[in-house]
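Read the figures in this text as sums done on the coordinates, not as results from a lab. All values reported here derive from a predicted model rather than from experimental measurement. Cβ placement follows ideal geometry from the backbone for every residue including glycine, while neighbour counts extend to all protein chains displayed.
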Amino acid sequence: MDNRASPPNLLDGLLGRKLRAVRLGARFVGEGHPVYIIGEIGLNHCGDLAKALTLVDAAAEAGMDAVKLQKRTLKNIYRQDLLDDPNSQEESFRYLIPILKEAEFGRAEYDRIHARCRERGLDFICTPFDEEAVDFLAPYDLPAFKIASADMDNLILLEKVIGTRKPLIISTGMATLEEIDRLGEFLQRWEAECILLHSVSAYPTPASDHQLTLIRTLHERYGVPVGLSSHELGLEVSVAAVAVGAGMIERHITLDRRAEGPDHTSSLEPAEMRELVRRVRFLEEAMGTDQKKISRIVTRNRETLAKSLVAARDIRRGEPIARSMVAAKGPGKGLSPARLYDLIGKTARRDVKRDDYFLESDIEEQLAINAYVPRFDSAWGLKGRFHDLDTYAARYQPAFVEPHLNDKDLDYPFEEIHAGRRYPFGIYLHYPTYWHRSVVNLASENEAERTEHIGVIQRVIDLARRIAPFFTGTPRVVVHMGGMDIRPVADNRHLLALAYDSMRRIDRRGVIFLAENNPPRPWYFSGQWYDNAFCSAEEMVAFCREFDTPMCFDFSHAKLHCNITGRDFRDYVRAVAPVTRHLHICDAYGIDGEGMQIGEGEINMRETCRLLAEHGDFSQMTWTPEIWQGHNHDYRGFMIGFSRLHDVPELRHRAE
């Protein structure tokens, strides 16, 4: 018989249909229900009750649904000669048997752990390894029993567990499909409900061995909910499993991955537990929409690599636009070439010089400029480049303009190009993120690179001093203090020390230096990096107080940091408010969705500004919308942002 051609459905002959969900206590696991996340404590408590209770607390604080232990009666599992002398067998037993003996809990410990789970709102699940263990667990009324993959074919144990009438969660890490087929036939006869867990019994599991597509295979072949029991390093495989249909995720959890024991290395520490739950919940939400969204880095790359419709020659206002007058050139800052035939035949509403971008306003009815002009009495400004200054001076009345410099701007002949001008606003210079082919990093562990980057910041400050006479007030310089890397760093104290040393080597006279909080997962060079310092409120406040310098508070960077760490964003705002003097206002989502349009992310703008005013001096804070690509299409993104901030009282919007 070809089992692949006719796989057994675990419920054939019982309900006559596939089992869409299995009830675990007050919850359901399966299609249409949130992913059920189990923190597997297993042996990671090392026989220490206090450690086990702390792990329960950590799982609860992370937002997991359940914790799981393992219960063994060793004399029923192993032969007595092996228990008496583990050296008599393979080396692995000499390592494992003593750990199993040391880690076994009794009734008193289980009572405490079960009570703590109830207090913290967690389900308590356990893996019994023998029949006596099943009886031991009976008083706790478990919502389900977990069956380890090594016992998937242990019909003696399975019969005992099935007799409790509880659902089974069965790991398949050591089984072939043919062996799972036999399991299915057995469970059919007993009319048992189960959830299958795809797994690979390797600790940790190499990426190439995960075979996540088997989650779909198991679901289609056996007609029951399927999850993943993962032993990966990191979170990616667990999160990806949700995308291919896993309704349950089980991960080992620990307080210290370096601790002694077989499972610690492939376990999650508390911060990672929180991040796993956050990512899974975010992915569940993301999978609920059929709308295609473009990420921030794709938007940036699209602008860099895409093309725009430009004028092939000078065009005078009033001329009909013919095909010969239009070309396509990069970057993608203007009207898309897909709009070519919408543009041809239109009458030019303005003079367009050769290579100038065509804009949406060249096709659609142009809105009056006044409709875009912000009306706030607080000290607001605009992001831009040096070439935007004249436009801003003619069209708007900002308190300041904040150009985000690139490496070439430090050689920009400002005095020559802007000779004779006096702009009616202040100047804030945002340091260049890149210096040639490196990320500017004042905490770089490469001393030569760090010295070079200190020089870059000094040049920004020198430029600010030099051009100050063209603007009002004292120039300001916005800087990220460093810590960027392609890898995460567990202990960042050396990075903080390097940044402090860099700061002491910078001459800040004549400018107001603004240290900006970092995003935790920034996008550099078309990929995602880590910011290992100056993301937290405490690190920012300590730095600002040490150097008596104010902070530039970026809303989205802080929110993303809070999403990763589990910190309440409101607490972050309260902490930094006393040292904050400049605001980058924008929305955020997830762990890397920074610079979003106002109202399209997770930040409550009214509440955030209220907290800043309650715990800091809002009258001294300047602000600007920090919308990615907000300068495109005649600054449309910035203007939409302004329009969505009109109901924030602290910004003092003036109605017309």
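Suppose we look only past 26 Å in the calculated P(r) of the range 346-471. What percent of the Cα-Cα pairs does that tail hold? Display every interim value, and only then the final one.
Numbers: 3155 of 7875 pairs.
Result: 40 percent of Cα pairs exceed 26 Å.
With R₀ fixed at 56 Å, the C-beta to C-beta distance from E61 to D411 puts the FRET efficiency at about 0.65. Modelled this way, with points 7 Å down the Cα-to-C-beta line, the labels at R574 and D153 are 5.9 nm from one another. For the range 393-451 and the range 118-160, what is the separation of their Cα centres, given in Å? What the calculation gives is 63 Å, centre to centre.
Between the range 19-37 and the range 519-585, the C-alpha centres lie 38 angstrom from each other. Using a simple spin-label model with pseudo-atoms 7 Å out from Cα toward Cβ, A497 and R27 lie 4.3 nm apart. Other residues with beta-carbon under 10 Å from the beta-carbon of E602 carry, at +1 per Lys or Arg and -1 per Asp or Glu, a net charge of -1. Here's how it looks for L197: its modeled amide H is under 5 Å from those of I170, S171, T172, G227, which are all 5 or more places away or on a different chain. Among S267, S149, the ranking by other beta carbons within 10 Å of each residue's beta carbon, starting with the fewest, stands as S149, S267. Panel note: the C-alpha atoms of the range 500-656, placed on their principal axes, show extents of 48, 37, 32 Å (largest first). Remark: for residue pairs K383/K408; K51/K160; K307/K559, the C-alpha separation exceeds 28 Å in K51/K160; K307/K559. Label Q528 and S336 with points 7 Å out from Cα along Cα→Cβ: what is the distance between them in nm? Label at Q528, label at S336, 2.5 nm between them.
Shape annotation for the range 381-651: C-alpha extents along the principal axes are 52, 47, 35 Å, from largest to smallest.
Each of W523, W380 was scored by other Cβ atoms within 10 Å of its Cβ. Listed from fewest to most, they are W523, W380. Beta bridges assigned by DSSP with both partners in the chain are antiparallel in approximately 25 percent of cases.
The residues packed around H252, meaning those with a beta-carbon under 12 Å from its beta-carbon, carry a net charge of -3 if Lys and Arg are +1 and Asp and Glu are -1. Between A328 and Q397, full extension at 0.36 nm per residue minus the direct alpha carbon distance yields a gain of 21.5 nm.
Enclosing the Cα atoms of the range 120-214 in their convex hull gives a volume equal to 123 cubic angstrom per residue. Across the range 545-553, rounded Karplus estimates of 3J(HN,Hα) from the backbone phi angles (6.51 cos²θ - 1.76 cosθ + 1.60, θ = phi - 60°) give 6, 4, 10, 6, 10, x, 10, 9, 9 Hz, Gly and Pro being marked x.
Neighbour counts of C-beta atoms inside 10 Å place K307, K166, K68 in the sequence K307, K166, K68, starting with the fewest.
Over all distinct Cα-Cα pairs of the chain, the Kirkwood formula returns a hydrodynamic radius of 28.7 Å. Quick one: if the Förster radius is 51 Å, what FRET efficiency do E607 and E449 give, using the C-beta to C-beta distance and rounding to 0.05? Efficiency for this residue pair is about 0.80. Size descriptors for the range 296-362: radius of gyration and Dmax over Cα atoms are 11.9, 39 Å. Tally Lys/Arg at +1 and Asp/Glu at -1 over every other residue whose Cβ is under 14 Å from the Cβ of D647; what's the total? So the environment of D647 carries a net charge of +4.
Using only the C-alpha atoms, the convex hull of the range 410-479 corresponds to 82 Å³ per residue. Between the amide H of A328 and those of V310, distances stay under 5 Å, these residues lying 5 or more places away or on another chain, with hydrogens modeled in the peptide plane.
Considering the convex hull of the alpha carbon atoms of the range 30-286, report its projected area averaged over all viewing directions, in nm², one decimal. The partial results should precede the final answer.
Working: hull surface 52.8 nm².
The orientation-averaged projected area of the Cα hull of the range 30-286 comes to 13.2 nm².
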